[in-house]
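The structure appears below as structure tokens.
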Amino acid sequence: MTRREILPDRTGHFGPFGGTFVPETVMAALAELEQAYAAARRDAAFRRELGELLRTYAGRPTPLYHAKRLSRTLGRVRVYLKREDLLHTGAHKINNTLGQGLLAVRMGKRRLIAETGAGQHGVATATVAALFGLACEVFMGEEDMRRQSLNVVRMRLLGARVAPVRSGTRTLKDACNEAIRHWVTTVRTSHYCIGSVVGPHPYPMLVRDFQAVIGREARRQILAAEGRLPDLLLACVGGGSNAIGLFHPFRRDRKVRFVGVEAGGSSLAPGHHAATLLKGSPGVLHGSRSLLLQDRFGQVLPTASISAGLDYPGVGPEHAYYQLTGRARYVAVSDAQALRAAQLLARTEGILAALEPAHAIAYLERLAPRLRRGTVVVVGLSGRGDKDVQTLAAHLGANGAHPRHL
Ligand SMILES: *Cc1c(COP(=O)(O)O)cnc(C)c1O
């Protein structure tokens, strides 16, 4: 990435990644969205309204918390946690759905469509639909509906229709396919609210821009706390929205290193993880070209992760480009390591994190002994752990996690 390069380019590409691979019927809707977004970002009234909602409804700015006990336990590092877990609905997803919801209203759409895996994005979309008085239909794999039944109830309480998807593995990628198929038939009245920095242009750009509030705040907050920029930013990567949201405002700070942490699942053998940047190859999925977990015939491989939010065979094209250019580095952490890190954070800081950001904490645990003393690290704490308590409970016995003295 050169110093002033603007990404994506006008055709929605991040180097060789990104672009627009959709049925003809959707092209007009994407062009409409791109124009509406270009107008909205220049409009002070739009920015004011979004800023006001982020403050008074979602709970921004979120704190940047100096985790002293965790830092002391890990040694060498000064760890700061960007507390997206404290937001309304429990994760960073609301930053994006508020932005897209406002855009939908501006475009005169009366319905929101969304796909969801774990249900977190579905809940955040249903929430915003209720807030703006829009109808809402969420596509969710039948298998995920079973695994995440509480979020299904949440969405229904918020007035959304949850449409079960019975194709393929009945999980997130099938829900994405179904949402796109449905959008084709309803583009005039519906806005498709994508939940991460994936999909055809302009989604990876606009979701990034809505999530960049994370990094803008963190940059200001760390300068106030430390009087300097951090050495390292660390965030988990599913589709990649919380990570890019943290990284983006630091992109020109060459000395600030970025590390994205993927789901290493039970092993890095095919079908047992969701480490797309580590193990994927270039391909097209859900409307854009990026890295992808696929077999040699181009068939999408099954994925597995203890954290439903990271369990996706694709990844945002900007991350693929960051990896290609070396601007960011990507690593994987196993299910077991993430579970241990969630407990470590709970016991040192009294914070029950979601299993997704626990992956980032787990990597920090591995990295800390190799860092220079006094290294300042900002970790994106993308969501809270309430949704994962049952998963944690099921594993506590198995790995013999008696209260560990720290
Ligand atoms: C959805 C989710 C993620 C993964 O999505 P990204 O787009 O990669 O950020 C990570 N953490 C939490 C808490 C989530 O809900």
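Derivation of every value follows stated rules applied to the coordinates shown; laboratory data play no part. What you see is a predicted model; the values in this text were computed from it and never measured. Every residue, glycine as well, gets a Cβ built from its backbone with ideal geometry; the counts of neighbours run over all protein chains shown.
Greater than 23 Å separation of Cα atoms is the criterion. Which listed pairs, K82/K387; K93/K279; K173/K387; K68/K93; K68/K279, meet it?
K93/K279; K68/K93; K68/K279
Counting only DSSP beta bridges with both residues in the chain, the antiparallel share comes to about 30 percent. Using the Karplus relation 6.51 cos²θ - 1.76 cosθ + 1.60 with θ = phi - 60°, the per-residue 3J(HN,Hα) values for the range 110-121 come to 10, 9, 10, 10, 8, 9, 8, x, 6, x, 5, 5 Hz, with x marking Gly and Pro.
Rounded to the nearest Hz, the phi-derived 3J(HN,Hα) couplings of the range 139-148 under the Karplus curve 6.51 cos²θ - 1.76 cosθ + 1.60 (θ = phi - 60°) are 8, 9, x, 4, 5, 5, 4, 5, 5, 10, where x marks glycine and proline. Residue farthest toward the positive end of the dipole of the range 320-371, with Cβ of Lys/Arg at +1 and Asp/Glu at -1: which of H359, A342, Y330? Checked the options; the winner is Y330. Per residue, the average separation of C-alpha pairs within less than 8 Å and at least 6 apart gives the chain a relative contact order of 19 percent.
Beta carbons within 10 angstrom, averaged per residue: use that to sort the peptides 90-98, 78-86, highest first.
The most tightly packed comes first, giving 90-98, 78-86.
Applying 1/(1 + (r/R0)^6) with R0 = 22 Å to the Cβ-Cβ distance of A130 and T56, what FRET efficiency is obtained, to the nearest 0.05? After rounding, the FRET efficiency stands at 0.85. Derived scalar couplings between HN and Hα for the range 340-348 equal 5, 5, 4, 6, 4, 5, 4, 7, 8 Hz in order, rounded to whole Hz, by the Karplus curve 6.51 cos²θ - 1.76 cosθ + 1.60 (θ = phi - 60°), x for Gly and Pro. Compute the distance from the alpha-carbon center of the range 1-74 to that of the range 140-161, in whole Å. Value for the Cα centre distance between the two parts: 26 Å.
Once backbone amide H atoms are built at 1.01 Å from N, C136 has L112, R161 as its partners under 5 Å, excluding neighbours fewer than 5 places away on the same chain. Sorting 43-52, 379-388, 270-279 by their mean Cβ neighbour count within 10 Å, with the most densely packed peptide first, gives 379-388, 270-279, 43-52.
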